[in-house]
1. Working with all protein chains in place, sort D:R303, B:R184, B:R224, C:R62 by solvent-accessible area computed with a 1.4 Å probe, largest first.
2. Mind checking which aspartates and glutamates have their C-alpha under 18 Å from B:K268, skipping anything on the same chain fewer than 8 residues away?
3. From the label point of A:R4, set 7 Å along Cα to the beta carbon, how far off in nm is each other copy's matching point, shortest first?
4. Place a +1 charge on the Cβ of each Lys and Arg in chain A and a -1 charge on the Cβ of each Asp and Glu, then give the dipole magnitude about the Cα centre in debye, rounded to the nearest 20.
5. Which of the lysines could a cross-linker span from D:K148 if the Cα-Cα distance has to be under 27 Å and same-chain partners fewer than 8 positions apart are dropped?
6. Going by average Cβ density within 10 Å per residue, which order do the peptides D:244-257, C:45-58 take, highest to lowest?
7. So for the protein assembly as shown, what are the equivalent ellipsoid semi-axes in whole Å, largest first, each being the square root of 5 times an eigenvalue of the Cα gyration tensor?
8. Tell me which C residue has its C-beta closest to the axis rotating C onto A, and the distance in Å?
4 protein chains.
Amino acid sequence: MTARRPAFSGVVPPVVTPLTADGDIDTASLERLVGFLLEGGVDGLFALGSSSETAYLTEAQRTRVLEVVVGANAGQVPVIAGCIETTTNRVIERALISRESGADAVVATAPFYTRTHPVEIERHFREIAAAAELPLFAYDIPVCVHNKLDTAMLLRLAADGVLAGVKDSSGDDVAFRYLCLGARELPEFAVLTGHEVVVDGALLGGADGVVPGLGNVDPHGYRRLADHAAAGDWAAAAAEQDRLARLFEIVTVAENTSGTAAGLGAFKTALMLRDIITTNAMSTPMTAYDAEQTAAVAALLDRAGLR
Amino acid sequence: MTARRPAFSGVVPPVVTPLTADGDIDTASLERLVGFLLEGGVDGLFALGSSSETAYLTEAQRTRVLEVVVGANAGQVPVIAGCIETTTNRVIERALISRESGADAVVATAPFYTRTHPVEIERHFREIAAAAELPLFAYDIPVCVHNKLDTAMLLRLAADGVLAGVKDSSGDDVAFRYLCLGARELPEFAVLTGHEVVVDGALLGGADGVVPGLGNVDPHGYRRLADHAAAGDWAAAAAEQDRLARLFEIVTVAENTSGTAAGLGAFKTALMLRDIITTNAMSTPMTAYDAEQTAAVAALLDRAGLR
Amino acid sequence: MTARRPAFSGVVPPVVTPLTADGDIDTASLERLVGFLLEGGVDGLFALGSSSETAYLTEAQRTRVLEVVVGANAGQVPVIAGCIETTTNRVIERALISRESGADAVVATAPFYTRTHPVEIERHFREIAAAAELPLFAYDIPVCVHNKLDTAMLLRLAADGVLAGVKDSSGDDVAFRYLCLGARELPEFAVLTGHEVVVDGALLGGADGVVPGLGNVDPHGYRRLADHAAAGDWAAAAAEQDRLARLFEIVTVAENTSGTAAGLGAFKTALMLRDIITTNAMSTPMTAYDAEQTAAVAALLDRAGLR
Amino acid sequence: MTARRPAFSGVVPPVVTPLTADGDIDTASLERLVGFLLEGGVDGLFALGSSSETAYLTEAQRTRVLEVVVGANAGQVPVIAGCIETTTNRVIERALISRESGADAVVATAPFYTRTHPVEIERHFREIAAAAELPLFAYDIPVCVHNKLDTAMLLRLAADGVLAGVKDSSGDDVAFRYLCLGARELPEFAVLTGHEVVVDGALLGGADGVVPGLGNVDPHGYRRLADHAAAGDWAAAAAEQDRLARLFEIVTVAENTSGTAAGLGAFKTALMLRDIITTNAMSTPMTAYDAEQTAAVAALLDRAGLR
């Protein structure tokens, strides 16, 4: 087994997109958030992912968000830019804008909305990589795309130099293990999990890092978890993961709303309560956490010692 | 029961988008196609729907397609413009462009890619209608959006004047019947089915029209079917439907490809064979029907007497 | 097109299974129900289907139910017996018992609980038919089996004499139309729809009959609907279907329960209110409609003139 | 955190059911298999689970299998008996037979085939536990039951003494982590994973054991893995897991068959090649691995040093 050396690894939170009460990008809050994450010791920043409400932002807003993240980061860590679009040519358009905006890598899902075939999915990634001229991550998120990326295809694309890595939010831990096993022969290919409550097991199984939505709220916790794992202190990693899993219960506060609104609303409310961002406003048609829900999040932050 | 008088009804084919071999919009072919459909007696045109490859077109291409359709139509029948985007604000951006381009109505799905809640879906349609200042159709297409629109919500939005109609590609004929029943009290609300092989039953059950992808290939057939139904000659309507269902078997010619590529590829290949459009090119990452598949489509057109 | 002559066609309600308050089979009520259905003019009886709570009955209860139905029917119409079991050998065991109990045909789904492959499903039906020595119906009910039966396979099995018919509860009206089209060349193969609110369209499209759960409550209505269709009076058929669709709203009375409990509970409550069966008791773990829900069903029966 | 002391923990393989070429239970092979597993150091035996082809066995065969396993085990380790039936009363019938046959605990899924509601699922488990008079495990296997068991419900049933444990084959590692977290306060409640390739992470996260189908083939490997984890040597546990994950690739040998047939066929073929059982026969409508597939399994066993 060759030593691993992927360019993108460790703790790479998907940066949430703070909004003003009017629904505009709150650039001051976004800059503070990037600073908070960098101070927390993250290894990279993933802008314009699902957790960034990218599906809710207009093209102009997306470009603005990426520019602010790149600017606030000022080259300290790699910035990966989501290019979440329905099909190949639309992804490529965004990838080119992302490159101009200073992204260090881009992330694309399989086509969505439209029905696809495995052969089309593979061609999709090959064409994006050829056009983007930036490292490309495949984003495996069946809950959004309604398609699980095939492990053999991902490894083939990695071996061919098409993919620099995978962000796996598939929830399929068996397939993920085989992805990690296959990556043993691909030392530069980064396997990142998007599931923030099972990071200890993912790292034990060979993952290179994590893209934790909850890492917006507690980057220091994920830093410690990753450091414990790197040091081989798995009991400490598991204990830190347990603590973070309990903190993640903030996403269960909101009922009668979508999973997206519940999760992102919790992160934004926690960040507001921690004085990192100004409002917990959400994109239409989602609604922000109300006073009662905010109080419940505050109680969970108190329990976690984060206020 | 009040007499029905929806502004949009009858045969409203979703206009496919001809491409050049290089993947650009083939405007000359698109103009010929619009002319062919109008000559075939259609009652309206649905541009930029799923059958128009809208998910594959860039923003600039979408706008161009709509302008060409509106121009070639020259006010002869209503033009409905798909605004297929992930979330509310992005739909609204496209709706405003569509209005400027001369659309008579716009069509939106529920949010996709992101997970949604029924309350959010309802708010989504209300905000689009308020902003678009054009009649709004809800597009119910779970195979793409992974969400079935609730019948009671649709009828409530219709009663409130939010929705001018529904384009139903849900494949849920039971829900569709209740939509038709509910529409009895909403004389201006148009209920259109997107399932081109069960139009006779849909019309018998009270539907106001059909948006048949196959109507690109054989608009005259759908004209006859609708006319038979309007005249109460259901046996003739069923016989015509049977004929069209057999013609629809062109979509089964291609194997080992996506449902989208198989369906749209068949329509484009048939239109090419009928000398309406120049190429059967498909958007990346789909591929066009090859010579063998084209020959199989040709044989089915011959069987149907359409060549 | 050859004239159709399937042995099993027309109105074939799935007979619900009345229970005593203790959960035993209420044989007196079941006999009254069979008499009511025969008096209503049904063309056949489907015992031990999903609507008969067959998944909830023990082996002994299943056998008892079938014996009572066969006995009360006394040869007046064909009796079709559901053999709803997970896999081939278990279905065959039930099929042999059903034959001994006097069934005229048996009905089987694809294997369920276990994951299957199309080749296995086809072998499954072939082996059952070979062993059962009774006409075999395939039951297509993806909501229970989580598998849609392939149309080409069904037609192939029909052509080979393996299947006497299909009971289609797939909710896929497009596939159903192709099943009807394919059956044109198979005059003895019965295509029955299980969707009681779209029977008019199904018959217009070529179906041979219907297995309506709601037919327990209003067999006379389905008799009229089928007669109108047979006479070519489609407008009258559609009007009767509309009336029955409104009656079917009894299944929407119960909230916070399963679809199974809501549907069967409504039928049983309506039959109790119509004095055909004694209780509306349901199998564990379902619960019977309470007083308030019963009153709501009664109001809908009143609206329909059925009390 | 209280020390954990569940009655059922560690390595508890789901015992496959050897068949003769005629499809009968091969009792001699089954006895040898039980002996092999006990010699391999397993902590318990799970008979009549999905991996035992329980969905394919008749009632008489199920009873016979359980009797043979109990007899061969002769009280050495606890025997857990699957009672895989569609609904409550049918499960209870099997649970009572299982108790008579000497099972130490029983396992039930939520109702399947029929549609259920969470309230019904909870009532289902409560009634089974009350009737069975044996410790009850909930079996969470959405791929078969098409329903994910709710974590809060499972913990509530555990706290109420209804459930002795959970066998989790849900593939939802996030929910599994919360189950483990909740079990911290329930020292006698056993949380077992059914996913044999991610056992290291599951144990690191707090699981009490594993029910590995692959444990039929290599019980010694799972014994070592569990021992490494118990000793806190997580690197060794992960290395052993990686080895077992590579061995598990035997299930990918068969193409164009069901997942069930591919998986169980691989286990049976490997056991035949290891001279534990006599044939690799499978229940109808599945087919046994052919010579070519058998050779491929043999090669993987060779690679693993198991032949």
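The values are calculated or read from the model by the stated rules, or taken from the named source; none is laboratory data. Just so we're clear, the structure is a prediction, and the values are computed from it rather than from any experiment. With ideal geometry, Cβ positions are generated from the backbone for all residues, glycine too; neighbour counts draw on all protein chains shown. With ligands, DNA and RNA removed, areas are computed over all heavy atoms of the protein, side chains included. Shrake-Rupley method; radii C 1.70, N 1.55, O 1.52, S 1.80 Å.
1. I get D:R303, B:R224, B:R184, C:R62, largest accessible area first.
2. Result set, ordered by chain and number: B:D22, B:D24, B:D26, B:E31, B:E53, B:E196, B:D218, B:E249, B:E255, B:D290, B:E292, B:D302.
3. 2.5, 6.0, 6.1
4. The dipole of chain A has a size of about 300 debye.
5. Excluding near neighbours in sequence, the set is A:K148, A:K167, B:K148, C:K148, D:K167.
6. Highest to lowest by the protection proxy: C:45-58, D:244-257.
7. Details: eigenvalues 402, 373, 165 Å².
With the √(5λ) rule applied to the protein assembly as shown, the semi-axes are 45, 43, 29 Å.
8. C:N256, 7
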